[in-house]
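What follows is one structure encoded as structure tokens, with my remarks underneath.
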Amino acid sequence: MTTIAGVDPRPVRASQAALIRWMGITDANSAGFVHGGIVMKMCDEAAGIAAVKHSRCRVVTAAIDRMTFLHPVHVGQLLTCRASVNAVWRTSMEVGVRVEAESPRSGEVRHTSTAYLTMVALDDEGRPTTVPPLAAESDDERRREREAGLRRQNRLDERAQIRAGRDL
Ligand SMILES: CC(C)(COP(=O)(O)OP(=O)(O)OC[C@H]1O[C@@H](n2cnc3c(N)ncnc32)[C@H](O)[C@@H]1OP(=O)(O)O)[C@@H](O)C(=O)NCCC(=O)NCCS
């Protein structure tokens, strides 16, 4: 693993990213709504952009830790995925993505999904590499950082419990 020594913390706002796309017929599933996989792909791309902007490295998605679908998205709506780095560990980052669907004719905007993805920074040889620290400045940013830590700890605990169960 390579390291980046003496790098200053980077503010959350410096790497925030948004992807906006108009949903068309080819995005629909057999029920006529936008396919969940289309939403997931856009979340993955938005998270990737935020993670690259924070780390200034190539990144890969290690895991999608959570993805909610609160309301269906319709063909003809504008889908916006806003991504923010929530927390940074050694080589990995949690990126949160908020998805909103806007009906362009009425202007109505609805929060349709939230996703949390773990992205890992890679060096030029494709090995995980350390990422700059995150400067969480606002109360909301500090809350998101805290909650990301909770999700990571829960994931590690779950993995340890499953391994222990298999070793019995
Ligand atoms: C993600 C990947 C680089 C991790 O490689 P690895 O050999 O396990 O590397 P390490 O053990 O050094 O772990 C590196 C980091 O990844 C994290 N990580 C590894 N597997 C993970 C998982 N399943 N979920 C969340 N984080 C994970 C580790 O916690 C570690 O984070 P930290 O350094 O901040 O503590 C590797 O598994 C990989 O390349 N996966 C394929 C990624 C890909 O192709 N994504 C696109 C899928 S379509």
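At-a-glance table
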read-out	value
Hits in segment 31-56 (condition: at pLDDT 95 or above and either touching an Asp or Glu at 6+ places or on another chain (Cβ under 7 Å) or among the small types (Gly, Ala, Ser) (or both))	34, 35, 36, 37, 38, 46, 47, 48, 50, 51, 55
Hits in segment 82-115 - residues which are in contact with a helix residue (DSSP H, G or I) (Cβ under 8 Å, 6 or more places away or on another chain) and more than 19 Å from residue 39 (Cα to Cα)	86, 87, 88, 89, 93
Only listed residue being touching a Leu at 6+ places or on another chain (Cβ under 7 Å), touching a residue at least 12 places away in the same chain (Cβ under 8 Å) and small (Gly, Ala, Ser), chosen from 47, 18	47
Answer residue from segment 111-123, given it is in contact (Cβ under 8 Å) with a residue 60 or more places away in the chain and within 14 Å of the chain's Cα centre (by Cα) and is most open to solvent (accessible area, probe 1.4 Å) among those	120
Qualifying positions in segment 77-102 - open to solvent by 30 Å² or more (accessible area, probe 1.4 Å) and more than 17 Å from residue 48 (Cβ to Cβ)	78, 89, 90, 100, 102
Residues being of a type outside the set (Gly, Ala, Ser), under 22 Å from residue 9 (Cα atoms) and more than 13 Å from the ligand (Cβ to nearest atom) - total across segment 132-162	11
The one condition in (1) under 22 Å from residue 52 (Cα atoms); (2) free of Cβ contacts under 8 Å to residues at least 40 places away in the same chain that residue 150 fails to fulfil	(1)
Subset of segment 124-141 [over 17 Å from residue 55 (Cα atoms), open to solvent by less than 100 Å² (accessible area, probe 1.4 Å) and over 16 Å from the mean Cα position of the chain (by Cα)]	137, 138, 140
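The values are calculated or read from the model by the stated rules, or taken from the named source; none is laboratory data. Predicted model only: the values in this text are computed from it and were never measured. Cβ: placed from backbone, ideal geometry, glycine included. Neighbour counts: every protein chain shown. Accessible surface areas use protein heavy atoms only, side chains included; no ligands, DNA or RNA. Shrake-Rupley method; radii C 1.70, N 1.55, O 1.52, S 1.80 Å.
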